[in-house]
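Everything on this sheet refers to the single structure shown next.
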Amino acid sequence: MTNVHYEDLGHGITMIDAQLYRQGQVSTYLVVQGDRAAFIETGTAHSVPGLLEVLDLKGIPRENVDYVIPTHVHLDHAGGAGALMQHLPNARLVIHPRGARHMIDPSKLNAGATAVYGETQMERLFGRVIPVPEDRIIEANDGFELDFNGRPLRFLDTPGHARHHFCVVDKTGDGIFSGDTFGLSYREFDTENGPFVFPTTTPVQFDPDALHASVDRLMGQGLSYMYLTHYSRVGDLPRLQADMHQLIDAFVAMAREHAHAGTARHAKLCREMMTLLLQRARAHGCTLPKADMTRLLGPDVGLNVQGLGVWLDKEMGTA
């Protein structure tokens, strides 16, 4: 047994911790409609035993899972798709058209992650991405609607974090499975004022104008919740929408301010982003010690700054 953490959220939706990095960082979702089931997000290859464990605990036969739906092909969202589908004989993979080829042939995903993390860390964190047979893939274009056992799921193309990103509108669940489009919100930062959110600008396709538009498009669906991959369900969406817009603009402004800082740029941006997020978390009412907040925010700050650097180099024509 994996001792996986999971939480039933109502509407037939169960949040399952993907057991990546730390508990409370990466969510997957099991959606049950009648006697049929679907997974939205898969985590990594190492997440698969926990997903199957929850399926078994709920008494859902593996052949009753109809769909596996990663919001995009980054490894914390789709890395376990091929491995999971090996256990689900009737499941189809629903994926953004720009991401489909990487699920059919994940060699570039595996090679890219190995180049970043090294062979040992790649295996420890993610395992290997296993190919998905082409005949088991459904490409979901903008506006595509899936009839999931009488439960409509509608797919919106939502670039900004990645060009191969969609979000899944689930009116039955009164919310949207938003992947990384509506930012990150860790439960440790919750206060009496509600959840704390900030954008993810990670490499390599951050586009601030597109992200602003995608956030507003999600809000335009008029639903109550975002089912975040990082981490779990949040409400109070109008406030979070405003926070997302403010922080996207703040991140872009600090990147431009340090555009010509040379080799010191990354370190300066990390310090400035961390300072900004700590200040906002304190203003939000977070009482965690500064060292704990810094530890929790540190990995995302580093990745966000890398993404800002890639975007800035493209904007300046130096990439």
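The values are calculated or read from the model by the stated rules, or taken from the named source; none is laboratory data. Note that the structure is predicted; figures quoted are calculated from it, not measured. Neighbour counts are summed over all protein chains in view; Cβ atoms, including those assigned to glycine, are modelled from backbone coordinates with ideal geometry. All accessible areas refer to the heavy atoms of the entire protein, side chains included, with ligands and DNA or RNA removed. Shrake-Rupley method; radii C 1.70, N 1.55, O 1.52, S 1.80 Å.
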Handout entry: Residue within the range 93-110 that is farther than 22 Å from PHE166 by Cβ and assigned to a helix (DSSP H, G or I) present
Key = yes
Exercise for the section: Could you list all residues from the range 5-22 that are among the small types (Gly, Ala, Ser), under 17 Å from the mean Cα position of the chain (by Cα) and surrounded by fewer than 22 Cβ atoms within 10 Å (Cβ to Cβ)? Expected result: none
Handout entry: So GLU145, is it surrounded by fewer than 21 Cβ atoms within 10 Å (Cβ to Cβ) and modelled with pLDDT under 95
Key = no
Exercise for the section: State yes or no: is SER47 hydroxyl-bearing (Ser, Thr, Tyr) and open to solvent by 20 Å² or more (accessible area, probe 1.4 Å)? Expected result: no
Practice task
Return a yes/no flag: does the range 62-71 have any residue that is among the hydrophobic types (A, V, I, L, M, F, W, C), within 13 Å of VAL132 (Cβ to Cβ) and open to solvent by less than 60 Å² (accessible area, probe 1.4 Å).
Solution key: yes
Practice task
Keeping to the range 144-176, report how many residues are over 22 Å from VAL32 (Cα atoms) and either without any contact (Cβ under 8 Å) to a residue 60 or more places away in the chain or in contact with a helix residue (DSSP H, G or I) (Cβ under 7 Å, 6 or more places away or on another chain) (or both).
Solution key: 6
Practice task
Check whether at least one residue in the range 284-295 is open to solvent by 40 Å² or more (accessible area, probe 1.4 Å), in a helix (DSSP H, G or I), touching a helix residue (DSSP H, G or I) at 6+ places or on another chain (Cβ under 7 Å) and not small (Gly, Ala, Ser), and report yes or no.
Solution key: yes
Fill in the blank from the handout: In the range 160-195, anything open to solvent by 10 Å² or more (accessible area, probe 1.4 Å) and more than 13 Å from the chain's Cα centre (by Cα) is listed as ARG163, LYS171, THR172, ASP174, ARG187, GLU188, ASP190, THR191, GLU192, ASN193, GLY194, PRO195
